[in-house]
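A short reminder: the numbers here are calculations on the coordinates, not readings from a lab. Just so you know, these numbers come straight off a predicted model, no measurement behind them. A quick note on method: Cβ atoms are made from the backbone with ideal geometry, for glycine too, and the neighbour counts reach across all protein chains shown.
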Amino acid sequence: MRIVADTNVIVSGLLWGGPPNRVLKWARDGLLQIVGCGETINELRDVLRHGRFSNRLSRLASSRKEALAYFLDFLKVIPTPEFIPKAIPQDPFDNIFLALAVDGGARFIVSGDHHLLDLKEYKSIQIVTPSEAVRIVEVLLG
């Protein structure tokens, strides 16, 4: 099952526990496939450079490069979508997650960002919180 996870979910999953971490573990174990593209990888790389994550990475005995490499190991990279909608004018970069979901055949988008969550769905693709994603996947996995 393919999904799209936005950057804040990925960072939370890489650096902390809880539902975002569970989603990443399922992807690592092959139960889910997270779809991304060059632009979303670059955004993740930039976000992980923020100083506020340095202490957390140190406590985990990890580095930005190691965290990124871990994630890239199980990310399904697809070409950047040709059509990026303009559904979220307040945060235009978030629109790429909508396009990825369509082009990547995602079942749902996992986000903690209210701009995405407020849409509830895009082209029949649900937009859910990490906790909702965990509930959905648990039901589907039986």
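Summarised as an ellipsoid, segment 18-95 has semi-axes of 24, 18, 12 Å, derived from the eigenvalues of the Cα gyration tensor scaled by 5 and square-rooted, with the largest first.
By the count of neighbouring beta-carbon atoms within 10 Å, fewest first, Ile96, Ile34 end up ordered Ile96, Ile34.
Extension gain, Lys86 to Leu72, is 2.3 nm, computed as 0.36 nm per intervening residue step minus the present C-alpha separation. The packing ranking, built from the mean of other Cβ atoms within 10 Å per residue, places the peptides 87-94, 65-72 in the order 65-72, 87-94, highest first. Projected label points at Ser63 and His50, each 7 Å from Cα along the beta carbon direction, are separated by 2.2 nanometres.
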